[in-house]
Each structure stands twice: as C-alpha cells, then as structure tokens.
1. Among all residue pairs at least 6 apart or on different chains, which show Cβ distances below 7 Å where the first residue, located in region 19-39, is farther than 13 Å from R75 by Cα and the second is in a helix (DSSP H, G or I) and among the basic types (K, R)?
2. Test of understanding: among R376, R326, which residue is within 30 Å of the chain's Cα centre (by Cα) and among the charged types (D, E, K, R)?
3. Please verify whether H17 is at pLDDT 85 or above, touching a helix residue (DSSP H, G or I) at 6+ places or on another chain (Cβ under 9 Å) and more than 20 Å from R376 (Cβ to Cβ), treating the condition exactly as stated.
4. Picking from N30, N22, N34, which residue would you name as being over 26 Å from N186 (Cβ atoms), buried (at least 18 other Cβ atoms within 10 Å of the Cβ) and not assigned by TED's automatic domain parsing to the domain that holds I393?
5. Is region 485-501 home to any residue that is within 30 Å of L667 (Cα to Cα), at pLDDT 80 or above and either crowded, with 17+ Cβ neighbours inside 10 Å or touching a strand residue (DSSP E or B) at 6+ places or on another chain (Cβ under 9 Å) (or both)?
6. Do we find a residue being modelled with pLDDT under 85, of a type in the set (S, T, Y) and in the same structural domain as D255 (by TED's automatic domain parsing) anywhere in region 177-194?
7. Within region 448-488, can you find the residues that are more than 13 Å from L543 (Cα to Cα) and touching a residue at least 60 places away in the same chain (Cβ under 8 Å)?
8. Out of contact with any Ser or Thr (no Cβ under 6 Å at 6 or more places or on another chain), over 24 Å from Q91 (Cβ atoms), crowded, with 18+ Cβ neighbours inside 10 Å and not aliphatic (A, V, I, L, M): is that true of T398 in this structure?
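The values are calculated or read from the model by the stated rules, or taken from the named source; none is laboratory data. Because the structure is a prediction, the values reported are computed rather than measured. In this analysis, Cβ positions are derived from the backbone assuming ideal geometry, glycine residues included, and neighbour counts consider all displayed protein chains.
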Amino acid sequence: MDMNQYLDMFIEESKEHLQAINANLLILENDPTNIQIVNEIFRSAHTLKGMSATMGFEDMASLTHEAENVLDLIRNNKLTINSDIMDVIFQSVDLIESMVIHITEGGDGSADVSKPVQKLRAIVSGEYQAEQETAAALAVEPAAPEAASGGQEQGYELDEYAMTVLKQSKESGNNLLSIKVTLHENCLLKAARAYMVFDQLESMGEVIKTTPSVQEIENEGFDQSFSIVYVTMQPIEKIKTALLNISEVVEVDVDTIQLQQQQQALEAAAPPVQAKAAEPVAKQEDNASKQQVAGKKPAAGGKTIRVDIERLDILMNLFSELVIDRGRLEQLAREIGKNELQETVEHMSRISGDLQSIILTMRMVPVEQVFNRFPRMVRDLAKDLNKKVNLEIFGAETELDRTVIDEIGDPLVHLLRNSLDHGLESVEERKKAGKPEEGTIQLRAFHSGNHVFIEVKDDGAGINKEKVLNKALERGIVSQTAAETMSDKQIHELLFASGFSTAEVISDISGRGVGLDVVKSKIESLGGSVSVDSVRGKGTTFLIQLPLTLSIISAMLVQVKNEKYAVPLSSIIETAVFKKDQIMMAHRQKVIDFRGRVVPLVSLEDVFQVPRDRVEESDEVAVVIVRKGEKMAGLVVDSFIGQQEIVLKSLGKYLVNVFAISGATILGDGQVALIIDCNALIK
C-alpha cells in the first residue's frame, strides 16, 4: 500500500495529538490524582503509536509504546507520579515532536530513542518487578459490571432508552442481538476495521449501543474486541457470516438478548428513592449517549473536512479579482444608468458580499493554535530559571486570519520569554517585596472593532525608567533636552528603539528589551502596532493590536490633485472640513483644534510630492482625522471620494520600504490607488 497519500493527514493528526498530550501533561503535573486526564493522555499516545506503526515510523512507534506502558501503570494506580517521571515523559514527547518535524521536512522520522526508551523501561521495571506476571493484563480496562445473563458475557449494560428501542423493535418482529467482534491481535488499523463492521451491520439493521463508546472506538480506545447491541430482521447466521468475511475479524459471537432479564437488571441497578437528586445528571448522560451512539457509525471528525491552506489562498486571490471587477461593474452601472443593470449589479454585490464574508470566515482560525504551545514553554523556562510561574490564558477562542496567525508566534514567544527572564523576580526577591512566591503571566486575546488585541501581562518588578532613560542617553537615542520632558509612557516606548537593551547580562533566554525592535517591526509589517505600559514594582503589560484580516479591507478613498489614495477605515476617527481661519500654528507646525485636542496637520500633497497643475484657492480644507494609539493627526486632502472595500496588493520587490505606503489596490475604473500607512505618518 502506498502510504504517501496519507502522509499529510498523519502529520496533521500527529501534531494535534502531541499538542493534546502536552496540554494534558501540564494539567496532570498540577493534579497528579486526575485519572481522567491520564486516560486522555493514554488515548492520544495509543492512537499516535498505531498511526506511526501503520506509516512505518518504527522509532516513533517504539518510543510511544514505552511511554504508553508508563501511562498505563499510572492510570491503573500502580505508579505514583513525581517530577522525575514527568521530566522523562516530557523529554520523550519532545523527541517524538522532533521526529514529526523531521518527517514534515521530508525525512524518515528516524532518531536515537535508546536513552528515553531505557528510562521509561526502568520506570516500569523498577517499580513493578513483583508484578511482571500481570503486566499483560494492565492494558485492559476493567469491564463494566453486568447484572444479568443474556448479556453479561458481551460486556454491555442497557439504559432505559435502549430498552425502549429494543421493546419497540421486538414488537415489530426484529431479532435483538448482542454481538462481540474480535479483531486479529496484530491488526493495525483497528478503527478502520471497526468502521467496516458498522457499515456492514447498518446495511442489514440498526446499531443501538456500543461498548466501548463510538468515540473510543474511533480513537482505537479498545483492545481487540468491542460489543454491539443490534436489531435486525436478518437471521443470526447471515450476520455472523457477513462480519467474518471482513478482513482482520477473527471471531464473532452473537447471542439473543432476553428483554425480561435485562429489565430486571435495569430495575436492580436503579438508585434508591432518596438518591433522586442524582437522576438529572444520569438522564443527561443517557441523552448524550443515545445521541452519540444510536444508529451511528464511527465518523471522521463529524461534518468537517481538512482543506489545505494553499487552496484557501488561491480562493481568496480569485475572489480578490472578483471584488475588483465588482467595483468596475458598479461604476459602469452608475454611468449607464439603466435600472435593470443597476438592480442586477446590486444583487450581485449582495451575493458577493455574503461570499466574501464566508471566505474570510473560512480563513479565520482561533489564536489557540498559537497559544497552545506556550504553557509547555513557560513550564520548561520556569524550571531552568528556578522560578515559580503561573501562566493564565484568556480568549484563546478569539479568531484571526490564518496569515496573521502564522506570523505572530515568534513575537509572542519573545515577549513571554522577556517576562519570564527579566519581568518576573526570583522567589527570594518576591518574598522580600511581599509578593506571592509564584509569579503570574497573563496572555489574553480579545476582539475590538476590526482589530484583535493580544495582551502579555506580568506581575513582576516593572520597568526601571531611570535605567531605560540613562541607557537611551548613553546610546544617543534621545537628547538630554528631550529626556527632561518625556513622560513615563514615552520612556517605556524607548524599549522598542533599534538595538536598545537594558540587560546587564544578555542571557540565552532574553533580556528585557533585547530584540523588541524586531517584535515591533514584525507587528507593524502585519498592519498592527505594539505598545508597553508598566508600573514599577507592579508589573508590565505589552499590548499588540492586529487587523482581523490582511486581504480585503474597508478604506476611505480620497483625492489629492489627480491622484487617489486609500486610507484604512480602521485608522480613521472622523472626516471633517475646516475653515482656513481655524488652522493655527504651533512650533512651526500647522494644527487644528479637534474636540479640545491639538491635532497636527499632515499635507498628503507635500508628503508624496503630488504635482500641482494650477493653484486653487479655497476657504475650506478637507481633513481625515486618523490615530495610532493615543496619537492623532489630520491628513489634508482635496476631497473625499467615499468608502469602499479594497483588495490589498503588495508593491512588489522593487518598491520595498516606501515611506507611508503599505500597499496598493486596483479600483473599479482600472486606476491604481496607493494605500496610506497612517502609523508611519503619525510617527
């Protein structure tokens, strides 16, 4: 069998399982008695082992198998978790992750797993030498207790819902069967074989219940056999023969269910009258159970499919061209003035608007994909630094465009490492300051308008502004005169200056300020901004502002002489027209009074050196008020054209780093309009 066709799926699913294992291991480390979490980790490891073995990655399969043995002891209360055991498991997971990366890069996934395998085996043998005889039984979960014959040997227990369905089926003349299917002991794709069994059964009847659950069967959470409660009009022999014809099925036991005995068992297992408070929970579980298993076969991920991001990129590019043509059609319809054409174009605009919304939504993914890697990173760094740290994550469900998600990981890693290394104090320093030994770092994401904000906040020592200012003066970043009038916030912003650092010793983790200019450049290249706020002794907060999407944006089109420019709506506060006598001068700069604030004016004609055909005199000045954080500016233009959705296009490799221009767009009439970078103008 050619396994290459499954390679992409294997890589994606392996990453998901490894992420789940990492996250659950962190929970387990803080709550060692949580057997439910151990079971979750075991299931992920078990699935990963089966997948890697099937794909022929033997090193990964053998290492995962040894880790699975340790987890099996833990979940059966045969092994007590401690820090050393957790470290060995984490190291094993790291090695498996490196194998997956190797495979992703075209390698064969091979690695030297002898040391971690030896450690894992030592954990098992060292603790349980006296119990080697029972080791083979450790992988088997204890079967659910049975209350009556006619079902006991099959390992199922019927609830009221299942009993009602069986009674109705019996009255309709159906056979009520309990089926136990056993697969070959060397069967690799157990979930696939189980699917074939369910598919065959559903062609001849209806599945009522499975043991274990459908979800567990999908995840290969069973040994070699599973049980099914089944109703059919077909004879037993036909059912048995059909199932035995499926590859890897070695045994099929079929028995008839005795309803009377099952009813007695159900009544015997019913809770006493005084325990009625627990009934609603049991009923919810029954409802969930019947929704999950009644008449359903295992499905791969429900009603979702995996789509390559490159296909979505192509779809977005094609739609971008459609948006340009839509603008052209709207303009032509206005010029021609025919009602029928205008109505058709308006309808097309509504439909394409809905299509645009769907495409943008398809590209949106939760920031959880980025945030998920940080708990493990913080745990390891805290251990290296001998610090106690609690990472709190909020708003992981907040969605961003995939192109933005792919780029923000590194800046966030840098900010978190800064907070850990130089933001949070040591345990001794925190005690002296009267703080809890455990420091807190908060990572928060939230929507606001057309932006997503990501906040990295620590409760550490804060930024030493005197030290920052002295370093800035020493480096010549600011003058002595300017330094005397700078506010605290302006001093904090100096951290983003190129090459600036307050770290006396630059560690291999990072120093507060080391590379923050790179963080700022990366965020601004995404059309966003980053700011910092700090209170000495209380902590520091970095706030990142990012656009929801980078492909299609809403903008205000403005005219400057014969040229058109687009100003992103996300940067605009208001458009206004001022009388010339309202314009004042301050420090040789034209300014206006906008709602009680002095706002400097920036002439786009002067900034972009737009050629002037003739001198035009007017008593009024059109101004677009824009902002960047708390700073504001007024862009002087000739006129406002109107709001329009535009497709953001790159200027290409020949026009890089053009001042105050972030890209270009093609308008409906075919003209090219440059998109203004308001952040650069305000700065």
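1. Note: pairs meeting the criteria are N22/R376; L26/R376; L26/R379.
2. Values: R326 fails: within 30 Å of the chain's Cα centre (by Cα).
Answer to the check: R376.
3. no
4. Numbers: N30 fails: buried (at least 18 other Cβ atoms within 10 Å of the Cβ); N34 fails: buried (at least 18 other Cβ atoms within 10 Å of the Cβ).
Selected residue: N22, the only one of N30, N22, N34 that is over 26 Å from N186 (Cβ atoms), buried (at least 18 other Cβ atoms within 10 Å of the Cβ) and not assigned by TED's automatic domain parsing to the domain that holds I393.
5. Within region 485-501, the first condition is being within 30 Å of L667 (Cα to Cα), and the residues that meet it are none.
No, region 485-501 has no match at all.
6. no
7. Hits for region 448-488 are G449, N450, D459, G460, A461, G462, I463, N464, K465.
8. Values: out of contact with any Ser or Thr (no Cβ under 6 Å at 6 or more places or on another chain): yes; over 24 Å from Q91 (Cβ atoms): yes; crowded, with 18+ Cβ neighbours inside 10 Å: yes; not aliphatic (A, V, I, L, M): yes.
It is true that T398 is out of contact with any Ser or Thr (no Cβ under 6 Å at 6 or more places or on another chain), over 24 Å from Q91 (Cβ atoms), crowded, with 18+ Cβ neighbours inside 10 Å and not aliphatic (A, V, I, L, M).
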